[in-house]
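Asker: Before anything else, here's the structure in question.
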Amino acid sequence: MESLSCSLFSYPVSKCSSFTRLSRGIVFASRSDSKKHHHKKPHLPKNLRHRRRTELPPDFHPVLHPVPCEGPPSESDSAALPRDYDENDVNDSYDGNVVWESDEIEAISSLFQGRVPQKPGKSSRERPLPLPLPHKIRPLGFPTPKNIIRTHLACSARQPISNQIYKNPAFLISLARDIRSLPPEDNVSKVLDQWSRFLRKGSLSLTVRELGHMGLPDRALHVFCWIQNEPHLFPDDRVLASTVEVLARAHELKMPFDLDKFISLASRSVYEAMVKGFIKGGNLKLAWRLLSAATEGKRMLDPSVYAKLILEIGKNPDKRTLVLPLLEELAKRDDLKLTQQDCTAIMKVCTKLGKFDILEALYNWFKKSGSVPSVVMYTTLIQSRYLENKYRDAMAVVWEMESSNCLLDLPAYRVLIKLFVALNDVSRTGRYFSKLKESGFTPTYDIYRDVIGIYMASGRLAKCKEIRREAEMAGYKVG
């Protein structure tokens, strides 16, 4: 009996009608039509039951090449064959007439149409969930607009020259310097005419203010007169307000005789600029008169104007009575808007006037507005409660300041040490005195005096002599 030399798939062929072989010498046997076994048709997945395109016909006539046998079969090959193996059946399998059953054709064609059908049931391997992506976990909504004024030429190199320079502070300040360098007999038009077509409304307001800082109010007025002759730059309230502020600060602005008519005609920005100019120039009486006229005329001005006037009037002990009407005007405001600096300035004036209730109300309003107090505001509040002999309430502010990790300055250390001395708290006094020196500050005379006094009262004479020697080395003579 002969056998195939390559990989031979042994199968009993006593009841087979034909043999066929695919590549690599693998031999398959197809059953005859005499006995057909009816197999259950496998359940196909949905993608195979309803295909998107027509099914390709299978290749019913594969190319078959017989495997040549090199020499006679050995005894081991003959023993591997079954007993009912007949050589004639093998020779009959190469006639080229291959018979495929429908379930075999369907199984083979499914290999080329899609994935192999999996066995029913849950597979042991579970695919991990994908990591969350930032653009998927971010809440839905429109992006926040960024109102950025690009002043660098590198960021806007493709824009026109007018868009690059009409808001550029460096360019506008350079115009003020060029105007300052002009001879007294020359007009500002010599500098501004060459840049006229590149300017826009409001551009020269910064130039006017810079001329005011340089001490040239007459040149600022010349710039405003030049703008009046330029149709594309006039009228402009921003340049007018800057010019009025510069002239009022330099005491070169005359008040109109009919004040009521001026109040009704002037815009809010111009009116506020005039008041700010008089405040900066030291003409507080005229500034207070303008604010009183605005109150009588039921005209609403910015609260920062009131805060600046309150701060300047509070510096003069003889005129502090004028502050109370302004504080009452601010208390009536429903839409009170004050910056941290203005709020702290009003609190300092209230401390000097002894209006601690107004100070507390202003501090509570500032906290409810969602703002974070600064070290100056904390110090002002602690000092007011110290002057009111509310030491325990002042300690509550100290604990709040420590919890907020607020960096202390020298005035804050002075107020805190005064508070600890009043509470007779030796440990806190020594600890904050050490912190003051570790922060790089030099203790003042009153700090040395308070620390020496509390150590002397507690009976720690050695520590008292040490601090006294340190104060003498710093140049203070403590009695």
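Asker: Starting from the Cα of residue 388, move 7 Å in the Cα-to-Cβ direction to define the label point; list residues of the range 349-373 whose amide nitrogen is under 11 Å from there.
Answerer: Under 11 Å, as judged by backbone N against the label point of residue 388, lie 351, 354-364 of the range 349-373.
Asker: A further question on this structure: Go through 201/254; 332/368; 437/465; 437/463; 367/437; 319/348 and tell me which ones have a Cα-Cα distance over 22 Å in this structure.
Answerer: Where the Cα-Cα span goes over 22 Å, the pairs concerned are 201/254; 367/437.
Asker: Sorted from fewest to most neighbouring beta carbons within 10 Å, what does the list 312, 388, 126 look like?
Answerer: With the sparsest Cβ surroundings first, the list reads 126, 388, 312.
Asker: Order the peptides 289-295, 378-384 from the highest to the lowest mean number of other Cβ atoms within 10 Å of their residues.
Answerer: Top to bottom by mean Cβ count within 10 Å: 378-384, 289-295.
Asker: Could you tell me whether the range 239-377 comes out rounded, prolate or oblate from its Cα gyration tensor? Rule is a ≥ b ≥ c as square roots of the eigenvalues, rounded for a/c under 1.5, then prolate if a/b exceeds b/c, otherwise oblate.
Answerer: In terms of gyration-tensor shape, prolate.
Where a number appears in this text, it was derived from the coordinates with a stated rule and is not lab data. Remember, predicted model here, so these are calculated numbers, not experimental data. Neighbour counts are summed over all protein chains in view; Cβ atoms, including those assigned to glycine, are modelled from backbone coordinates with ideal geometry.
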